[in-house]
1. Give the angle, between 0 and 90 degrees and rounded to the nearest 10, that separates the Cα long axis of helix 75-98 from the longest principal axis of the Cα atoms of the chain.
2. Could you give the length gained on full extension between GLN133 and TRP174, defined as 0.36 nm per residue of separation minus the Cα-Cα distance, in nm?
3. Report the full-extension gain for the segment VAL58 to VAL26: residue separation times 0.36 nm, less the Cα-Cα distance, to one decimal in nm.
4. Tell me whether region 112-204 comes out rounded, prolate or oblate; compute the Cα gyration tensor, take square roots of the eigenvalues as a ≥ b ≥ c, and use a/c under 1.5 as the rounded threshold.
5. Over the Cα atoms of the chain, how large are the radius of gyration and the largest Cα-Cα distance (Dmax), in Å?
6. Ordering LYS65, LYS139, LYS44 from largest to smallest accessible area (1.4 angstrom probe), what's the sequence?
7. Once label points are set 7 Å from the Cα along Cα→Cβ at both VAL19 and VAL189, what is their separation, rounded to one decimal in nm?
8. On a straight-distance basis, which lysines could pair with LYS139 in a cross-link, Cα separation under 26 angstrom, same-chain partners fewer than 8 positions away excluded?
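The values are calculated or read from the model by the stated rules, or taken from the named source; none is laboratory data. Remember, it's a predicted structure, so these values are computed and weren't measured experimentally. Don't worry about glycine lacking a Cβ; one is built from the backbone with ideal geometry, like all the others, and counts go over all protein chains shown. Quick note on the areas: whole protein, heavy atoms, side chains included, nothing else; ligands and nucleic acids left out. Shrake-Rupley method; radii C 1.70, N 1.55, O 1.52, S 1.80 Å.
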Amino acid sequence: MEVQETRVQTDRVLTIPNVLSMARLVGVPVFLWLVLWPVFHGPKNDGWAIAILMASGVSDYLDGKLARKWGQISRLGQLLDPLADRLFVLSTIVGLTWRGIMPWWLTALLLGREVFIAALLPILRRHGYGPPQVNFIGKAATFNLMYAFPLLLLTTVHGWLGSVAFIIGWAFVWWGTALYWWAGILYAVQTRQLVRVRTGAALD
């Protein structure tokens, strides 16, 4: 999704950026199944799960890049891209927490931000607005978390690889979490400004 240019440029549904976003959505349940399979006494397929996460991160970058370059920013894309991002983040949080890789306090911190954003949506709808546009901080937060999650999965590997993944992964976690909440606060400020504009227009 474009985070600077938000003007809809096409009404087409089957564009390459939209197909990439749809593929990310399809990858969400596959990733969750791979991560949780060991919990239900299945084989450990963390390598494939990491590959899907990495592919998701690449496609997240490409869909916005191609939409801008080819003039294919669409309303559907503006809905699909943040939806795919959010579902991937949520599914990863659930999977890693269930596996015991991610601590509960971090899960609560990340899910608390989602609840905070969800609380803004009824306010926006009541004043005739849709969900807030994704901003640069929000995309940066998602990128950090999408880098962090594969590294956290790698911490289950014994030896130097797991140790290095632990250090780098948690660095990305802290950056991503801080940016995630910063973006949430900016969304709240944006919501307040939009409500003020609509309220002021109604009084005129």
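1. Taking the Cα atoms of the chain, the angle to 75-98 is about 30 degrees.
2. Difference between extended and current length: 12.4 nm.
3. Gain in length upon complete extension: 10.0 nm.
4. prolate
5. Radius of gyration, then largest Cα-Cα span, for the chain: 18.3, 67 Å.
6. Output order, biggest surface exposure first: LYS44, LYS65, LYS139.
7. Modelled inter-label distance: 4.0 nm.
8. LYS65, LYS69
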